[in-house]
1. Cβ contacts < 7 Å: first residue more than 14 Å from chain B (Cβ to nearest Cβ), restricted to the range A:119-138; second residue surrounded by 23 or more Cβ atoms within 10 Å (Cβ to Cβ) and polar (S, T, N, Q), any location; separation 6+ or different chain. Result?
2. Identify, from the list A:Ala221, A:Ala272, A:Ala214, A:Ala259, the residue that is within 30 Å of A:Pro117 (Cα to Cα) and touching a Cys at 6+ places or on another chain (Cβ under 7 Å).
3. Quick one: A:Leu313 ticks every box in (1) open to solvent by less than 10 Å² (accessible area, probe 1.4 Å); (2) within 16 Å of B:Val64 (Cα to Cα) except a single one, so which number is it?
4. Among the listed residues A:Phe426, A:Phe413, identify the single one that is open to solvent by less than 20 Å² (accessible area, probe 1.4 Å) and aromatic (Phe, Trp, Tyr).
5. Would it be correct to say that A:Val334 is of a type in the set (Val, Ile, Thr), at pLDDT 80 or above and out of contact with any Pro (no Cβ under 8 Å at 6 or more places or on another chain)?
6. A:Ala258 fails exactly one of the following numbered conditions: (1) open to solvent by 50 Å² or more (accessible area, probe 1.4 Å); (2) within 24 Å of A:His351 (Cα to Cα); (3) within 24 Å of the chain's Cα centre (by Cα). What is the number of that condition?
7. Go through the range B:65-77 and report how many residues are out of contact with any Pro (no Cβ under 9 Å at 6 or more places or on another chain) and facing chain A (nearest Cβ under 7 Å).
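The values are calculated or read from the model by the stated rules, or taken from the named source; none is laboratory data. From a predicted model like this one, the values you see are computed outputs, not experimental measurements. Cβ placement follows ideal geometry from the backbone for every residue including glycine, while neighbour counts extend to all protein chains displayed. When the accessible area is computed, the model is the full protein with side chains, heavy atoms only, and any ligands, DNA or RNA have been set aside. Shrake-Rupley method; radii C 1.70, N 1.55, O 1.52, S 1.80 Å.
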Amino acid sequence: MPMHRHAARAALTVVALPLATPAFAAAAETSSLNLTAISLFLCFVLLTLWITWKAAQRTKSTDDFYAAGGNITGFQNGLAIAGDAMSAGAFLGLTALVFTSGFDGLIYAIGYTTGMPIVVFLLAERLRKLGRYTFTDVVCSRLSERPIRIFAACASLVVVAFYLIAQMVGAGQLIQLLFGLDYLYAEFLVGVLMVCYVMFGGMVATTWVQIIKAGLLMAGATLIVLLVLVTYRFDFGALLAQAAAVHPKGTAILAPQAAPKDPLSALSLGLALMFGTAGLPHILMRFFTVPDARAARVSVFWAATFMNYFYALVFVLGFGALVMTAGNPAYIGVGGALRGGGNMAAIHLSHAVGGDAMMGFISAVAFATILAVVSGLTLAGASAVSHDLYAGVIRRGRLDEKSELRISRIATFVLGLVAIGLGIAFKGQNVAYMVSLAFAVACSSTFPVLLLALYWRGLTTTGAVVGGTVGLLSALGLTLVGPAVWVKVLGNPAPLFAMDPPTLVTLPLAFATCWLVSRLDRSAQAANDRERFDLQQQAA
Amino acid sequence: MELYKPSLRVPDTQDVSLGVILTIILMVAYFGFVAMGAFAPAVLAKPVLSGGTVNWAFAYGLFVIVLGVVLTGIYVLAVNRADARLSGK
């Protein structure tokens with residue numbers, strides 16, 4: 001049981017603190033232990049793990065996993081879809097972004113809200129008509145399977161890696177802050193927990209668990225927002241005025257600051273946020289798992305409503321955190337930086353408005369959500385390796401389930417190690433920003449291929465693979481030499497490619513390459529690809 | 001839309017054009033917001049009510065968020081109705 005380890009670690013911390021052993025000496029000065037918050041945190045995390053375990057026991061088939069046995073309403077499924085998409089990374093990262101840079105942080109929140117409607121307008125109905133729910137299934141239904149599987153698995157792994165970084169950094173800082181552990185130990189703890197969670201639970205992010213988590217996350221965030229607003233008698237203007245008064249940049253934080261300085265990056269970010277959701281490998285899977293098409297459509301409406309409501313809360317959370325923690329040495333360290341790392345603004349805010357109990361509750365909800373998202377991502381990554389690459393490509397389908405499961409476990413373990421390494425390398429980066437990089441890669445690689453496969457007769461296998469790969473490699477390469485990695489991780493003074501994220505270049509490049517290569521493709525495979533599109537259209 | 005065509009393809013093409021139209025509306029609204037932030041930040045920084053602190057940046061941002069929900073609602077209603085009409089025939 002992973003939780004015993006966890007509890008033991010907490011107990012160890014309590015014992016070790018008075019002794020001030022070297023490992024905990026640094027921790028002692030960053031935060032003192034908060035027993036109320038910690039015990040509430042442990043209670044809530046244990047409770048979610050218990051629910052997960054119960055749900056996993058009752059989950060017998062893949063149908064159960066996604067549809068919770070088919071007796072789920074559109075409203076409930078909407079909550080589950082929202083639960084998949086609302087990561088705690090977004091909650092922690094967006095609040096922190098507003099805390100540091102004001103309205104510029106809200107630009108991210110607003111951008112995220114446009115993602116789900118685009119998925120509904122352009123993809124959802126077509127996917128339902130085809131009866132396919134994952135990127136690979138849709139594209140393989142009309143193009144040659146093996147090359148597409150290789151490309152899809154590679155793209156999934158890159159997106160999963162960026163997404164994982166965000167969650168690992170968020171979880172690591174949370175554990176560091178709450179238990180006073182060193183960041184390095186916190187990362188290992190999260191990594192070990194994550195691998196245990198996936199190994200013993202397997203299918204963890206069941207529909208019911210996602211419903212409960214989405215509900216708790218929204219309830220907790222709403223409660224904080226109400227407590228902040230009560231202080232200002234529900235006058236949002238007064239809150240903003242106070243925020244401008246305490247921030248060193250003054251009223252400049254109430255309007256966009258970065259966009260006027262770098263318009264190209266602003267447009268590029270807008271593209272990534274709007275179309276990135278549509279390319280995420282783990283987001284499309286829960287669509288249309290309710291009994292009929294009508295309920296399915298109602299569920300995406302609820303999903304969009306919940307998500308947009310959640311992101312709208314960031315308006316108050318971010319500026320609330322700025323005002324409520326200002327000048328308080330319990331939250332702000334000597335240099336003016338937040339205690340426990342830059343992503344902890346929301347956690348400090350919960351303490352400021354609701355005391356230890358609220359902090360314990362919010363931390364637990366955030367941590368449980370991170371664990372679920374991380375496990376979902378790890379599963380997606382592991383299945384890309386075991387199912388798409390190993391079973392489908394290397395063994396060409398001649399493989400028993402047992403060895404596929406073994407490969408999947410090995411992949412989970414390796415992904416856990418990779419996640420720990422990345423979490424340590426990207427320490428201190430804002431997690432909402434890291435998520436936007438995952439979006440940039442997704443909307444330059446999988447999104448163009450998916451959209452063209454659904455709408456354009458002319459797309460051929462070679463065109464899709466070459467175009468998608470060009471988009472994937474250019475997005476990855478330009479991100480690596482951009483500000484996030486080249487400057488902040490590798491420590492170089494200036495980026496080689498300043499546009500951040502690179503979507504404005506890579507998205508059109510991917511579309512253009514898909515189009516050009518498909519047009520020039522005169523092979524027999526290409527003729528077959530086009531013919532299968534026509535057959536699909538007739539069937540639909 | 002009023003024309004009755006017996007072909008099964010009719011609702012499909014309607015979905016596509018509705019989806020594309022709604023996508024374009026949302027894109028115009030959102031990229032209008034981004035472009036104003038990039039090229040006319042002074043306009044967004046003007047207060048909505050004179051003397052107030054809430055400026056057009058917040059109002060426009062909230063508008064985009066609400067618009068996303070409203071357009072999704074319109075799409076779901078329209079497609080569900082078309083579906084019901086089709087199965088009724």
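1. From residues that are more than 14 Å from chain B (Cβ to nearest Cβ), the pairs are A:Phe135/A:Thr446.
2. Working: A:Ala221 fails: touching a Cys at 6+ places or on another chain (Cβ under 7 Å); A:Ala214 fails: touching a Cys at 6+ places or on another chain (Cβ under 7 Å); A:Ala259 fails: touching a Cys at 6+ places or on another chain (Cβ under 7 Å).
Answer to the selection: A:Ala272.
3. Of everything listed in (1) open to solvent by less than 10 Å² (accessible area, probe 1.4 Å); (2) within 16 Å of B:Val64 (Cα to Cα), A:Leu313 misses just condition (1).
4. Details: A:Phe413 fails: open to solvent by less than 20 Å² (accessible area, probe 1.4 Å).
So the residue among A:Phe426, A:Phe413 that is open to solvent by less than 20 Å² (accessible area, probe 1.4 Å) and aromatic (Phe, Trp, Tyr) is A:Phe426.
5. Working: of a type in the set (Val, Ile, Thr): yes; at pLDDT 80 or above: no; out of contact with any Pro (no Cβ under 8 Å at 6 or more places or on another chain): yes.
Considered against the rule, which asks whether it is of a type in the set (Val, Ile, Thr), at pLDDT 80 or above and out of contact with any Pro (no Cβ under 8 Å at 6 or more places or on another chain), A:Val334 comes out as no.
6. (2)
7. Just the residues of the range B:65-77 that are out of contact with any Pro (no Cβ under 9 Å at 6 or more places or on another chain), to begin with: B:65-66, B:70, B:73-74, B:76-77.
Then drop every residue that is not facing chain A (nearest Cβ under 7 Å), which leaves B:65, B:73, B:76.
Final tally of qualifying residues: 3.
Per-residue answers, yes or no, for (1) surrounded by 13 or more Cβ atoms within 10 Å (Cβ to Cβ); (2) within 9 Å of chain A (Cβ to nearest Cβ); (3) modelled with pLDDT of 95 or more; (4) not in a helix (DSSP H, G or I):
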{"site": "B:Ser17", "(1), (2), (3), (4)": "no, no, no, no"}
{"site": "B:Met27", "(1), (2), (3), (4)": "yes, yes, yes, no"}
{"site": "B:Phe31", "(1), (2), (3), (4)": "yes, yes, yes, no"}
{"site": "B:Phe63", "(1), (2), (3), (4)": "yes, no, yes, no"}
